[in-house]
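Okay, structure first, notes after.
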Amino acid sequence: MNFKSKALPLLFIFFTALSIVAQNTQKDSITQLDEVVLTQEAIPKKATGITPSSKIAGKTFERFNPTDIPSAFNQISGVYILSGAINTNRITVRGIGSRTPYGTNKLRMYFNGIPVTNGTGSSTIEAYDFENLGAVEIIKGPKASAFGSNLGGAILLETKASVQEKTQLINSFTIGSYNMLKDNLSFSHSEDGFNLSLSYNHLETDGFRQNSQFQRDGLLLNTQFRTGQKSSVALLVNYIDYTAQIPSSINQTDFEENPTRAASNWLAAQGYEANTYILTGLSHTYQFSEHLQNTTSIFYSYLDHYEPRPFNILDEFTNGYGFRSRFTGNWRKADFSFGAEFYRDEYHWGTFENLYQENNGNGSLVGDQLSDNIEFRRQFNLFGTLTYPITSNLSAQMGINWNKTHYDFRDLFNQGSANASAERDFDAILLPNLGLNYQWQQGKVYANISRGFSNPSLEETLTPDGIINPDIAQETGTNYELGTEWMLFQKRMIANFTLYRMDVKNLLVAERVGEDQYIGRNAGKTRHQGLELDLKYSGKLTSKLTFAPYFSYTLNDHSFVEFVDEDNDYSGNPLTGVPKHRLSSGIDFRHSNGLQLNLTHQFVDEIPMTDANSISSDSFNVFHAKLGFRTAVSSQISLGLSAGINNIFDSNYAQSVLINAVGFGGAQPRYYYPGNGRNYFWGLQLNYVF
């Protein structure tokens, strides 16, 4: 679908409607709107000092099916989740991470302030239940000195806060298409100096496609209590156990004719993954004085992963642990933050033959062992930020991050000359950033220059023979950003506009040479530049009916500056895996009687799927709707009902793509992960206050 013919009229209609409303509001004193507080923006941000960031919270989450976390993230300009399935998500930020074959890397993720990104930079958003999240803050680009200075930035996940001085029990139950069933039962208690929340969640679905059943159980404990006038302690435990069948990507013919199909080899092997994940963290906060505070956390994580694939069976587990300590405070006029973060993990993995073809149609069967490995990975970060008010309106911020990364790979399977054990010690890297912020009553203007990096993934550090690749270097880049935020129409409307450019060198490329074999190398330079626009308005249609339209637009002008792959020169081509235009829009209606309607829309432009730009996915529009009602049954009990439709017009679209796919044995390349067809869901929530 052509972007200009469809998306731009929507933009014109949006602005025209706002203009009419604004004119009528100013001219007619009888219909003068009361001041509207955009509560989503009122939530405190975790980003240091004047570091710009984007945040989504409760109202954004409420617009969608509680299993659909990608749609909530995709409301943010510059951020795009390509989702192949509930358990297969790839988060890209301003094009960073788009070349990753599977999963999310090149950014750093935190859960209630605790690092949850592993030793090679991989993060898994599917390890967290959507309904347990109270807010998500995203720092786009490497300007977050205190959160890693990764090229893709940082994602800060926060759990729902306990309601002050209340004890309540909430049960949210949802059913839907594809035999989907989800339940989240949570208990929270708050009194003077003590907060406790405990939740259990269960999700099961048959999925839209063949071989796509999913089942997950989780438990989350989050508690904070005051241990003195100046100190408090917090404990976090997150446990997830899920099993997910894998339909994998499909070729163009199957995508167009029958998108519910699974890849034939994955279907025959009945491929799946089984995961047990636990995160525990203990944090202590101490207020030395009104000018200095420290929070120190220690944490441990464990992941047990088992995955039968057509080409082999992967059996792995990871133990990770570390600490993070951060001081914040002020001295005279300046605000400061400094600290350290250490992370170490031990990754054990082995592969086995998969004899599914000899198993009489019963799926995967374990054969002989093919490999046995362990890798020790550690990272150490030192960081500091100083924010100084030059005048009452103008502030400057200087930040620094120092990173040191080390890999130690051990081959436990091969002996003698065939043993591939090796170490890789990356040079320490210094990552500065500088920001300026000019603020006045109606808005602000900000500018930032920052340097960032990305470590190679496991596949990129090893050759297909399991040997450490000595030539791999870290990606590095410099980010330039200029933005503004305005409060318009008596603060009923917030407008954000950002221009950015990031130059990345030592581009990491995972070249696919087999079904599950890659060679990593540094292949040139990329330029990431673009603009982002976010508009949010909140007003009243009547004394009882409010409306809140919103609009987010992303222009990605990303390209290879220098990229020569053997005899092929791709310099100048658009970056693989990134849509040039992306638009998210919608409108929320709320009535004082508890009724609400959410209408959402997303446009995604075509995505180049090969470095040569020889084939691209089709652009698409997808629309969702959700109707909800909430009422108080008594002084202690409230009831919520909801119903929704996803993909209203039953579009056949690629919700994710596999770039540079290769067809083996004469088969067509499998580029496409189809999005779900039209589907429905119904929800019931009961809230009991003790």
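The values are calculated or read from the model by the stated rules, or taken from the named source; none is laboratory data. Note that the structure is a prediction, hence the values are computed from the model and not measured. Glycine gets a Cβ as well: all are built from the backbone with ideal geometry, and neighbour counts include every protein chain shown. What goes into the accessible areas is simple: the full protein's heavy atoms, side chains included, and nothing from ligands, DNA or RNA. Shrake-Rupley method; radii C 1.70, N 1.55, O 1.52, S 1.80 Å.
Please compute the net charge surrounding Asp557, taking Lys and Arg as +1 and Asp and Glu as -1 over other residues with Cβ under 14 Å from its Cβ.
On the way: positive: Arg94, Arg501, Arg527, Lys580, Arg582; negative: Asp503, Glu532, Asp605.
Cβ neighbours under 14 Å give a net charge of +2.
Just going by the charge dipole of the chain, with Lys and Arg at +1 and Asp and Glu at -1 on Cβ, which of Thr260, Asn312, Ile139 is farthest out on the positive end?
Among Thr260, Asn312, Ile139, the one farthest towards the positive end of the dipole of the chain is Ile139.
For the ranges 615-626, 328-339, what's the packing order if you count other beta-carbon atoms within 10 Å of each residue, average per peptide, and put the highest first? Could the numbers behind the result be given before it?
Details: 615-626: 18.2, 328-339: 15.0.
Going from most to least packed, we get 615-626, 328-339.
Can you check what the net charge comes to around Thr295, using other residues whose Cβ is under 9 Å from the Cβ of Thr295 (Lys, Arg +1; Asp, Glu -1)?
For residues surrounding Thr295, the net value is +2.
Can you give the local net charge around Gln596? Use residues other than it whose beta-carbon is closer than 11 angstrom to its beta-carbon, Lys and Arg +1, Asp and Glu -1.
Numbers: positive: Lys59, Arg63, Arg590, Lys626, Arg630; negative: Glu62, Asp588.
Here the count lands on +3.
Can you flag which of Lys491/Lys580; Lys59/Lys444; Lys55/Lys166; Lys166/Lys491 are past 28 Å Cα-Cα?
Violating the 28 Å limit, Cα to Cα: Lys491/Lys580; Lys166/Lys491.
Which value, to two decimals, describes the C-alpha radius of gyration of the stretch 301-446 once divided by 2.2 N^0.38 Å?
Taking N as the residue count of the stretch 301-446, the ratio is 1.69.
Ranked from the most accessible area to the least, with a 1.4 Å probe and all protein chains present, what is the order of Leu221, Leu641?
Working: Leu221 45, Leu641 80 Å².
Result of the area sort, largest leading: Leu641, Leu221.
Using only DSSP helix segments of four residues or longer, with each worth -39500 (n - 2.57), what per-residue ellipticity at 222 nm results for the chain after dividing by its residue count and rounding to 500?
Working: 7 runs with 54 residues, N = 690.
After summing the helix terms and dividing by residue count, I get -2000 deg cm²/dmol.
Among 303-314, 577-588, how do they line up from the highest to the lowest mean number of other beta-carbon atoms within 10 Å?
Ranked by mean Cβ neighbours within 10 Å, highest first: 577-588, 303-314.
Order the peptides 560-567, 343-350, 146-153 from the highest to the lowest mean number of other Cβ atoms within 10 Å of their residues.
Details: 560-567: 14.0, 343-350: 18.0, 146-153: 28.6.
Sorting 560-567, 343-350, 146-153 by mean packing, highest first, produces 146-153, 343-350, 560-567.
Given a cut-off of under 8 Å on Cα pairs at least six residues apart, what relative contact order in percent is computed for the chain?
11 percent
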